[in-house]
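Novice: Here it is: the structure, laid out below.
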Amino acid sequence: MKHVLTCLTAAFVLFSTGLSAQQEKTEREPGHYNTNKFKQLYEEFATPNTYRTASGAPGPDYYQQQADYVMDIRLDDENARIYGEETITYTNNSPDALEFLWVQLDQNVRAKDSKAPLRNGSGVNLAYTPDNFTQNFMGESFDGGFNIEWVKDSRGAALPHVINYTMMRVDLPTPLMSGQSYSFSIKWWYNIPDHTVNRARSGYEYFPEDGNRAYVIAQFFPRMAVYSDVEGWQNHQFWGSGEFALPFGNYDVSITVPEDHILDATGVLLNRKQVFSKEMMKRYEEAQKSYDKPVLIVTQEEAEAAEKSFATKTKTWKFRAENVRDYGFATSRKFIWDMMAVKVGNKDVMAVSLYPKEGNPLWEEWSTRAVASTLKSYSSHTFDYPYHKAISVHAKNQGMEYPMICWNYGRPNKDGSYSDRTKFGMMSVIIHEVGHNFFPMIVNSDERQWGWMDEGLDTFMQYLAEQEFGEAYPEAIEGLDKYPSRRGAPSAIVNYMAGDQSYIAPIMSNPENVYQLGPNAYAKPATALNILRETVMGRELFDHAFKTYAQRWMFKHPTPEDFFRTMEDASAVDLDWFWRSWFYTTDYVDIGVSNVKKYYVSDEPTEEMKEYMAANGLTAADLPPLVYLADLDAKESDEEIKDPISASSTLSEFMMDNMTAEERAKVKQPKYFYEIEFEKPGGIPMPLIVEYTYADGTKEEVRYPVEIWRKNDASVKRVFSSDKELVGITVDPKLETADIDTSNNSWPKVDQGSEFEQLKAQVQQ
């Protein structure tokens, strides 16, 4: 019998798949490459080697260079200039001999003859604001590039060098061999831009009411480029969007500013007693023991008093930072300063905020608390924050990050009032920028080439941290069930993924080459990782793999492949289909239910079975006893549908002959049988999440693995049985997959109304 059934089954397969073969073909279709969505990424990935392993971990020969800096910086507040002298000690840990060194001159993007403003095409706008019109057509170009006075070796001799826009090549007298170090010095200065006018990442804001400036200073010194096993020198020019690739090192920095300025920066403050008053020292010691609320080191009253005097004397602040990839500082006589302690792992970290009175009351209420919560959230999902402080600095319309310090948006109205939009915007940008300490300041990806590796991973972590902030501080989200995150939820990326394909680039694109950087590098990868965590992998597997990646690559230079490989290595989940679809293409998700057929159990052969028998010369005598599922829509009798045992004598006899009474008592008796066809118009395969609704009002959710699409990328059928009548089917009922078209997600089809009605409903929400 087993042999007969096997042969019959094989025949059925041939019947179901080979009807078309009975028809004559006039042409043979050409062959094709493997276009399966589940094809492995071997062709896209680099071959593993001793530097980077197939598991996604650093290899036994992994190396990275080191750049140490000693800097003397002077701020000319009257003329808004920065003057600096620096000595760089560069250590070659690579196996290669280096004939020259590349130094980044990022401020040259603001040079008077910069080509950056000319790199984009432009047409006439419908209208211009007066300041925009003046800047575009009537103003002089700002001269904010580096002025390099000299480059010298350790003996004071001039070093030959060539400046190519934002890169400077320093030619060495002899090749720098593996394991050797080389020291050289640079003297430079530049004009500091007004970042509120020039949209600079670094600069000052001028306050005409009191004549003061607040400075947020970064990219302010010539910085070493990265030399790695992946591409040698990372010396791509800085055009504005692709950020920075930087080696780790130690910094000894002296910063001279007006005596009445308040300053904080990357690194440990070495001369605190010299630059703090006795009262400030007392408050600082109090802040080190305050874990629940910030302590004011400089009060608003003191800051307002300082605004009125303009010191002619100077003060030098000295810092030491170890194992950081960049440096930044903020300074102004306008700054209010508060701090609180945060327990991270087994050590205390100081959460710090600097802000002028224009930031209050919002900043005094929430900035430092947001910093503290962020450090806890990110540490729990990655590694314990390794530095001793994290600083949030108020800067108009800013959001920019550096080791231990960042500048952040969020200004109340002049009367101190503020909207929820301003409040949550401030909280979110602080969480995001403080979070950048983890990605890319510690997990040090190449931002110039792969913007999403820092922005996307950080935005994903921001989403988790925002939700945890709302839970830690319910008063901050009063009136809301949860924190109103702008990015991360699958529904938030739908409009972008459903947009005009002419203006969408794959995530795996250089930041300079994408049309919409925010959705491309921030929102879409963040959403993808959220979907990966919640829907594809599950939190336990995802969280372990993500933490493994973060800990493997902290203080190192990972590539996208290192991330992709580690996530699979630490979870045993094949994700090549996911990376390919979400990161390498501009495909979108669209999955629906296309057809539902109802069946009932019968002893009689169906018409399709009869046609099969006739085509193959078979009679009833040639077949074993069979149970048939007949099309309910073709049922001619009004007789009530019976349970399978009652409807089929063949089935009843089989069970009597082959099962005990106890076994028969346990079997299910589904009365209703359905063949459900699911369609996938979208290019991205996703787990098929289906909610079944029954006549008695109950619901059941079934999650079919993504592999259900592996052999048919367009549609797939499932046979579904139940003892209850099925009255409704919904695909992706909780909107977990970023499905761009939900009009095909229901059976019976649900009228979603006109586009106008949908838009009206969204506005009302």
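Just so you know, all these numbers are worked out from the coordinates, no wet-lab data involved. Not measured: the values here are computed from a predicted model. Ideal geometry is used to build each Cβ from the backbone, glycine not excepted, and the neighbour counts take in all protein chains shown.
Novice: If I stretch the segment between Gln669 and Glu43 completely, what's the gain in nm (0.36 nm per residue apart, minus their alpha carbon distance), one decimal?
Specialist: Between Gln669 and Glu43, full extension yields an extra 220.4 nm.
Novice: What lysines could a cross-link reach from Lys610, if we take a straight Cα to Cα line under 19 Å and drop same-chain neighbours fewer than 8 places away?
Specialist: Cα-Cα hits under 19 Å: Lys635.
Novice: Give the long-range amide H neighbours of Tyr327: residues separated by 5 or more places, or on another chain, with amide H under 5 Å away, using H modelled in the peptide plane at 1.01 Å from N.
Specialist: Under 5 Å from the amide H of Tyr327: Gln219.
Novice: Cα atoms only, segment 660-756: Rg and Dmax in Å?
Specialist: Calculated on Cα positions, Rg and Dmax stand at 16.0, 62 Å.
Novice: Something else now. Roughly how far apart, in whole Å, are the Cα centres of segment 466-541 and segment 92-150?
Specialist: So the two Cα centres are separated by 31 Å.
Novice: Further question: Going down the list Lys547/Lys734; Lys293/Lys315; Lys343/Lys389; Lys699/Lys734; Lys414/Lys482; Lys187/Lys315, which pairs span over 18 Å between their C-alpha atoms? Don't jump to the answer; show the numbers that get you there.
Specialist: Working: Lys547/Lys734 27 Å; Lys293/Lys315 30 Å; Lys343/Lys389 11 Å; Lys699/Lys734 13 Å; Lys414/Lys482 29 Å; Lys187/Lys315 21 Å.
Result: Lys547/Lys734; Lys293/Lys315; Lys414/Lys482; Lys187/Lys315 exceed 18 Å.
Novice: Still on this structure, I have one more. Can you list the residues of segment 651-674 with backbone N under 12 Å from a point 7 Å past the Cα of Ala695, pointing along Cα to Cβ?
Specialist: The answer is 671-673, whose backbone nitrogens lie closer than 12 Å to the label point.
Novice: Continuing with this model, one more query. For a Förster distance of 35 Å, can you work out the FRET efficiency between the beta-carbons of Asp723 and Asn616, rounded to the nearest 0.05?
Specialist: 0.50
Novice: Given N residues in segment 231-354, what is its alpha carbon radius of gyration divided by 2.2 N^0.38 Å?
Specialist: Taking N as the residue count of segment 231-354, the ratio is 1.26.
Novice: Considering only C-alpha atoms, what is the centroid distance from segment 298-374 to segment 554-614, in Å?
Specialist: 51 Å
Novice: Can you give the helix-only mean residue ellipticity at 222 nm for the chain, where every DSSP H stretch with n ≥ 4 adds -39500 (n - 2.57) and the sum goes over all residues, rounded to the nearest 500 deg cm²/dmol?
Specialist: -7000 deg cm²/dmol
Novice: Once label points are set 7 Å from the Cα along Cα→Cβ at both Ser491 and Glu540, what is their separation, rounded to one decimal in nm?
Specialist: Between Ser491 and Glu540, the simple spin-label model gives 2.9 nm.
Novice: Further, regarding this structure: Expressed as a fraction of 2.2 N^0.38 Å, the rule-of-thumb size for a compact globular protein of N residues, what is the C-alpha radius of gyration of segment 168-243?
Specialist: Rg over 2.2 N^0.38 Å, computed on Cα atoms: 1.56.
Novice: Further question: Could you rank the peptides 384-392, 349-357 by their average count of other C-beta atoms within 10 Å per residue, with the highest value first?
Specialist: By packing density, highest mean first, the sequence is 349-357, 384-392.
Novice: Among Ile493, Ile477, which comes first, second and so on when ranked by fewest other beta-carbon atoms within 10 Å?
Specialist: Ile477, Ile493
Novice: Which value, in Å³ per residue, describes the convex hull spanned by the Cα atoms of segment 83-192?
Specialist: 132 Å³
Novice: Would you please name the trypsin sites (Lys or Arg not before Pro) within segment 396-433 that are DSSP coil residues with at most 14 other C-beta atoms within 10 Å of their C-beta?
Specialist: Numbers: sites: Lys396, Lys414, Arg421, Lys423; in loops: Lys396, Lys414.
The qualifying sites are Lys414.
Novice: While we're on this one: Among 366-374, 224-232, 127-135, 607-615, how do they line up by average Cβ neighbours within 10 Å per residue, starting with the highest?
Specialist: In descending order of packing, they fall as 366-374, 224-232, 607-615, 127-135.
Novice: Starting at the first residue of segment 470-480, write each ³J(HN,Hα) from the Karplus equation 6.51 cos²θ - 1.76 cosθ + 1.60 with θ = phi - 60°, in whole Hz, x for Gly and Pro.
Specialist: Values per residue, Gly and Pro as x: x, 6, 6, 10, x, 5, 6, 10, 3, x, 10 Hz.
Novice: Here is a follow-up. Once you have all Cα-Cα distances for the chain, histogram them in 20 Å bins from zero and send the whole-percent values.
Specialist: Pairs per bin, as whole percents: 14, 40, 28, 13, 6, 0.
Novice: Read phi for every residue in segment 54-68 and hand back ³J(HN,Hα) as whole Hz from Karplus 6.51 cos²θ - 1.76 cosθ + 1.60, θ = phi - 60°, with x for Gly and Pro.
Specialist: Karplus values, whole Hz, x for Gly and Pro: 5, 7, x, 9, x, x, x, 9, 4, 9, 8, 7, 10, 10, 9.
Novice: Read phi for every residue in segment 733-745 and hand back ³J(HN,Hα) as whole Hz from Karplus 6.51 cos²θ - 1.76 cosθ + 1.60, θ = phi - 60°, with x for Gly and Pro.
Specialist: x, 9, 6, 8, 10, 6, 5, 7, 9, 8, 5, 9, 8
Novice: Right, here's the next one. Over 5 Å intervals from 0, what percent of Cα-Cα pairs in segment 474-586 sits in each interval?
Specialist: Computed distribution, short to long bins: 2, 11, 18, 20, 19, 15, 9, 5, 1.
Novice: Assign one of three labels to segment 433-496, namely rounded, prolate or oblate, based on the Cα gyration tensor with a ≥ b ≥ c the square roots of its eigenvalues; rounded applies when a/c is under 1.5, prolate when it is not and a/b is larger than b/c, and oblate otherwise.
Specialist: Oblate, because a/c is 1.5 or more while a/b does not exceed b/c.
Novice: Can I ask one more? Return a whole-number percent for the relative contact order of segment 672-764, with Cα pairs under 8 Å and 6 or more residues apart as the contact set.
Specialist: Relative contact order comes out at 31 percent.
Novice: Right, here's the next one. By how many nm would the segment from Glu607 to Arg320 lengthen if fully extended, with 0.36 nm per residue of separation less the alpha-carbon distance? Before the final figure, lay out the partial values.
Specialist: On the way: separation 287, 0.36 × 287 = 103.32 nm, distance 8.50 nm.
Residue separation times 0.36 nm, minus the Cα-Cα distance, leaves 94.8 nm.
Novice: What is the fewest-to-most order of Phe276, Phe439 by other Cβ atoms lying within 10 Å of their Cβ?
Specialist: The fewest-first ordering by Cβ neighbours comes to Phe276, Phe439.
Novice: Mind listing the long-range amide H neighbours of Trp150? Cut-off is under 5 Å, sequence gap 5 or more, other chains count too, H placed in the peptide plane at 1.01 Å from N.
Specialist: Result for Trp150 returns Lys187.
Novice: Quick check on packing: order 660-669, 507-516, 545-554, 100-109 by the mean number of other C-beta atoms within 10 Å, highest mean leading. Mind showing how you got there, number by number?
Specialist: Values: 660-669: 9.3, 507-516: 17.3, 545-554: 19.7, 100-109: 22.3.
Peptide ranking by packing, descending: 100-109, 545-554, 507-516, 660-669.
Novice: Could I ask something else about it? Lys318: which aspartates and glutamates have alpha carbons under 18 Å from its alpha carbon, excluding same-chain residues fewer than 8 sequence positions away?
Specialist: Asp68, Asp72, Asp76, Glu85, Glu86, Asp252, Glu259, Asp260, Asp264, Asp326
Novice: Continuing with the same structure: Among the aspartates and glutamates, which fall within straight-line cross-link reach of Lys112, defined as a Cα-Cα distance under 16 Å, with same-chain neighbours fewer than 8 residues apart omitted?
Specialist: Filter leaves Glu140, Asp143, Asp194.
Novice: What nm value, rounded to one decimal, do you get for the distance between Asn136 and Gln467 when each label is placed 7 Å out toward the C-beta?
Specialist: For Asn136 paired with Gln467, the spin-label model returns 4.2 nm.
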